[in-house]
Amino acid sequence: MKEEKQEPGTVCGLPIASSDIIRLAHGSGGKMTSSLIESLFVPLLGNEQLNKLDDATDFMLGSTRFAISTDSYVVSPIFFPGGNIGSLAVHGTVNDLCMRGAKPLFITASFILEEGLPLQMLAEITRSFSQACKDSNVKILAADTKVVGKGAADNIFINTTGFGQIDVEPAPSCQSAIPGDLIIVSGDIGRHGMAIMSARESLNLETEILSDSAPLHKIVQALMEDAMPIHCMRDITRGGLATVLNELAKSSNVGMYIYEHDIPVHPQVEAVCELLGLDPLYVACEGRFVSIVSAEAAESVVSRIRQIENGSNPSIIGEVRSEHSGAVIVETRIGGKRILDKLSGEQLPRIC
Ligand code: MG
């Protein structure tokens, strides 16, 4: 038998020093998350399907194509303006299925509870989870409960797995953007992150910023039924629009060119971002997505989204180019150009 040699300073053949530890930024969805996925999880767990790093993985059962996605929710605080960890867990999972053009069908629910959590809070969160499932047309097919001692978790964590059916061919994928496509955001960005921040920092805002947390199945089903030529979709979650576009640019081997002026940001979100020194392009949403579509269909996609999601303010924000492959360039409001990198470090931990 061949003997596996372990290099000094490596663990399981991976270059990990014994001093390396997990930091909050590993969960940011930005550069450190990507590096953790690419350097540790992909080599140890990856396979042909998982390595595509899509929002949900598609697979065939018989002659039908399905999508599966799993996620854990650790948001803090667990109640925030516009939702709570229960509704968020359903929306986040349903939306990852939708991003592959799938119709969400089933979900699982695993609750990890910290000793001391008031039962009344758990009941409210569970009610929200149930209502969000009804709103999203998904049925709960399996559930689990675990309780850990005080301090071993923070109130409640929820893990979900979503399962849906894909009836479109080809299914939208993060690898399918092509030069000439246009980039659309489905609505104004950054509300979820700023709703969490305002709750966390107890900001006394004149008008409360509500999270955009919502299921995207109705919009996506309408776009799929109209056979819109959508090549990629990704929900704008951790790391915000900037990070999502970087991921798509890298997966599709294309450049993305966007116009800051055309990116919809609510004035109040913009004001709070300025107050806290944050860039809205890096702030998470939980009910908005980017779609990358053939140029000739872009206006129709925008008007269809506007029809379904009244008031969401969808907008064409840029185009896919062959130059600057793997990078995102933003043309600023004053006409300058800069490279828009992935989120580095962690500006808003535990946003979802
Ligand atoms: Mg996603």
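The values are calculated or read from the model by the stated rules, or taken from the named source; none is laboratory data. All of these numbers come straight from a predicted model, not from anything done at the bench. Virtual Cβ from ideal backbone geometry, glycine too; neighbours counted across all protein chains shown.
Data overview
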quantity	calculated
Which listed residue, of Arg306, Arg333, Arg321, is surrounded by 14 or more Cβ atoms within 10 Å (Cβ to Cβ), farther than 16 Å from Ile183 by Cβ and over 20 Å from the mean Cα position of the chain (by Cα)	Arg306
Residues located in segment 43-95, provided they are within 19 Å of Phe157 (Cα to Cα), among the aliphatic types (A, V, I, L, M), in contact with a helix residue (DSSP H, G or I) (Cβ under 7 Å, 6 or more places away or on another chain) and within 16 Å of the ligand (Cβ to nearest atom)	Val75, Ala89, Val90, Val94
Members of segment 211-229 that are surrounded by fewer than 24 Cβ atoms within 10 Å (Cβ to Cβ) and within 18 Å of the chain's Cα centre (by Cα)	His217, Lys218
When residues of segment 243-256 are limited to those that are surrounded by 21 or more Cβ atoms within 10 Å (Cβ to Cβ) and more than 15 Å from the ligand (Cβ to nearest atom), the one farthest from the chain's Cα centre (by Cα)	Val254
Lone qualifier among Val244, Val272 - being modelled with pLDDT under 95, closer than 26 Å to Gly86 by Cα and part of a helix (DSSP H, G or I)	Val272
One residue from Ser72, Ser87, Ser63 being in contact (Cβ under 8 Å) with a residue 60 or more places away in the chain and surrounded by fewer than 24 Cβ atoms within 10 Å (Cβ to Cβ)	Ser72
Ser130 being farther than 28 Å from Ile305 by Cα and away from the ligand (no atom under 16 Å from the Cβ)	no
Selection count, segment 226-261, where residues are touching an Asp or Glu at 6+ places or on another chain (Cβ under 9 Å) and not hydroxyl-bearing (Ser, Thr, Tyr)	18
Candidate set: segment 20-42, residues that are part of a loop (DSSP other than H, G, I, E, B) and of a type in the set (A, V, I, L, M); chosen: the one farthest from the ligand (Cβ to nearest atom)	Ile21
Residue identified as out of contact with any helix residue (DSSP H, G or I) (no Cβ under 9 Å at 6 or more places or on another chain) and among the polar types (S, T, N, Q) among Ser303, Ser291	Ser303
Residue in segment 281-295 that is part of a strand (DSSP E or B) and either closer than 25 Å to Glu346 by Cα or free of Cβ contacts under 8 Å to residues at least 12 places away in the same chain (or both) present	yes
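Listed here are the residues, each with its yes/no results for (1) within 16 Å of the ligand (Cβ to nearest atom); (2) of a type in the set (A, V, I, L, M, F, W, C); (3) without any contact (Cβ under 8 Å) to a residue 40 or more places away in the chain.
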site: Ile189; (1), (2), (3): yes, yes, no
site: Leu203; (1), (2), (3): no, yes, no
site: Asp226; (1), (2), (3): no, no, no
site: Arg234; (1), (2), (3): yes, no, no
